[in-house]
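Below: the structure, in structure tokens.
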Amino acid sequence: MNSADRSPPSRQPGERSGLGLPFLAVVALALIAAPRVALHDLGIIQEGTFVNALFVFVPPLLWIAVVLWRRVPQPFLTLLVVGAVYGVFLMLGHQILWNTAWAGAPPGLGGNLSGLPPVAQEVIVRGFAAMSSLVTGTLVGAVCGLAAWATGKLLRR
């Protein structure tokens, strides 16, 4: 038996991955939540409004509905990955729209770090904002995954 005989079978386009959905579907689910980033950073929607609430809550509810409808075997893992991909879109959106969102007055560092050159401050602040976006997206995915997992258990009783 040679090494070619032991390789995993290749997947056809659209076939389910180990996540229970094709990876393209995972990316599409993450993209459903991405418009809010641009709309918020461009000042088109404001926090605390009904429209903003729709953009905040409807996409994660759709994520949960899809994994329940498709009977994904590991909904927590699947939505954790969807959330992580969403975090990447969140990060990219915030970084691309940074100057527009901050209207020419980006945040800076205070205290002992206020004396750093402006470029260093921008790198640090943007770096922390990028990490925050990744963590936020992943946490949203984890919460949705937990909700989908628990709902799935209740529905299968």
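The values are calculated or read from the model by the stated rules, or taken from the named source; none is laboratory data. Here the structure is a predicted model, which is why all the values come from computation and not from measurement. Please note: Cβ atoms are built from the backbone with ideal geometry, for glycine as well, and neighbour counts cover all protein chains shown. For the accessible areas, the whole protein counts, side chains as well, though only heavy atoms, and no ligand, DNA or RNA atoms are used. Shrake-Rupley method; radii C 1.70, N 1.55, O 1.52, S 1.80 Å.
Some points to look at:
- Normalised per residue, the accessible area of the chain is 63 Å², obtained with a 1.4 Å probe and no contribution from ligands, DNA or RNA.
- For the stretch 125-133, Karplus couplings with θ = phi - 60° (6.51, -1.76, 1.60), whole Hz, Gly/Pro x: 5, 5, x, 5, 5, 5, 4, 4, 5
- Using only alpha carbons, the stretch 110-157 has a radius of gyration to Kirkwood radius ratio (Rg to Rh) of 1.42.
- Taking amide H as placed 1.01 Å from N in the peptide plane, the amide H of residue 45 sits under 5 Å from that of 40, each at least 5 places away or on another chain.
- Residue 50-residue 99 FRET efficiency (beta carbon distance; Förster radius 30 Å; 0.05 resolution): 0.60
- Per residue, the Cα convex hull of the stretch 96-135 amounts to 73 Å³.
- Taking all Cα pairs closer than 8 Å and separated by 6 or more residues, the relative contact order of the stretch 26-148 comes to 38 percent.
- Debye log10 I(q)/I(0) at q = 0.23, 0.24, 0.27, 0.31 Å⁻¹ for the stretch 33-80, Cα point scatterers: -0.77, -0.80, -0.90, -1.06
- Percent of C-alpha pairs per 5 Å bin, the chain, short to long: 2, 9, 15, 16, 15, 12, 10, 8, 6, 4, 2, 1, 0, 0
- Estimated vicinal HN-Hα couplings, Hz - the stretch 137-154 in sequence order (Karplus 6.51, -1.76, 1.60; Gly, Pro = x): x, 5, 5, 4, x, 5, 5, 5, x, 5, 5, 5, 4, 5, 5, x, 5, 5
- Residue 128/residue 70 FRET efficiency (R0 41 Å; Cβ-Cβ; nearest 0.05): 0.70
- Evaluating 6.51 cos²θ - 1.76 cosθ + 1.60 at θ = phi - 60° for every residue in the stretch 37-52, the Karplus couplings come out as 4, 5, 4, 6, 5, 7, x, 6, 10, 10, 4, x, 9, 4, 4, 4 Hz, glycine and proline recorded as x.
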